[in-house]
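The values are calculated or read from the model by the stated rules, or taken from the named source; none is laboratory data. Since the structure is predicted, the reported quantities are computational estimates derived from the model, not experimental observations. Here the Cβ positions follow ideal geometry from the backbone for every residue, glycine too, while neighbour counts run over all protein chains shown.
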Amino acid sequence: MRHGDKINNLGRKKAHREALLRNLATELIVHKRIVTTLAKAKALRTFVEPLITKTKKNESQLQIMHQHRVVFAALNSKIAVKELFTVVGPKIASRPGGYTRIIKLGTRPGDAAEMALIELVDFNEVYGKAAEKAAEPAKRTRRGSSKKKADAAPAAAEAPATEAPAADEAASTEEKAAE
């Protein structure tokens, strides 16, 4: 019986599952976003978020070294640990939690598996503060704006002129029908 057993085994033995999560976590930390199945993304979120939280607790030098060792024991990747403590940690220092975002992408054509994109929230340019800065209109040049205004003016002048004769023709056909 599996009463109260909430872990998703992902159809793998314990060692295989841990290796899978290590590799996914390393790639997520290095690349800031990865595409995987929805079940793996949800399992990865529970694996990687406590590791990211460990980068925030920087009281003394001994605790910092200890946190490095704990994270390295979980990831087995010097590159990922260095990236996590030097790039990711300072950027998420003010965030109270929820460091990852999962976006569903639909099904995979081969086996109809639910696919998802999992990403680090503070490293996305589409959403958040970076997107607000990017939403500002681009600087306009004088060269392009005069051409657009010149083309728009004759089109606006022609529109009422084409409507007026049509209305006159309709009125004249009504008068002929009345006679």
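Among the residues of the range 60-91, the ones that are touching a strand residue (DSSP E or B) at 6+ places or on another chain (Cβ under 9 Å) and under 25 Å from E18 (Cα atoms) come to 1 in all. Across the range 46-94, the number of residues qualifying as in contact (Cβ under 8 Å) with a residue 12 or more places away in the chain, charged (D, E, K, R) and over 16 Å from L28 (Cβ atoms) comes to 1.
Report whether or not F47 is hydrophobic (A, V, I, L, M, F, W, C), surrounded by 13 or more Cβ atoms within 10 Å (Cβ to Cβ) and modelled with pLDDT under 95.
Numbers: hydrophobic (A, V, I, L, M, F, W, C): yes; surrounded by 13 or more Cβ atoms within 10 Å (Cβ to Cβ): yes; modelled with pLDDT under 95: no.
Taking the combined requirement at face value, the residue does not satisfy it.
Can you find a residue that is more than 27 Å from the chain's Cα centre (by Cα) and of a type in the set (A, V, I, L, M) anywhere in the range 46-57? Looking through the range 46-57, none of the residues is more than 27 Å from the chain's Cα centre (by Cα) and of a type in the set (A, V, I, L, M). I want to confirm something. Restricting to the range 87-107 and keeping residues that are of a type in the set (A, V, I, L, M) and over 11 Å from I52 (Cβ atoms), which single residue is farthest from the chain's Cα centre (by Cα)? My answer is V87.
One line per residue, one yes/no per condition, for (1) assigned to a loop (DSSP other than H, G, I, E, B); (2) within 21 Å of the chain's Cα centre (by Cα); (3) polar (S, T, N, Q):
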{"site": "D5", "(1), (2), (3)": "yes, no, no"}
{"site": "H16", "(1), (2), (3)": "no, no, no"}
{"site": "L20", "(1), (2), (3)": "no, no, no"}
{"site": "T36", "(1), (2), (3)": "no, yes, yes"}
{"site": "Q63", "(1), (2), (3)": "no, no, yes"}
{"site": "F85", "(1), (2), (3)": "no, no, no"}
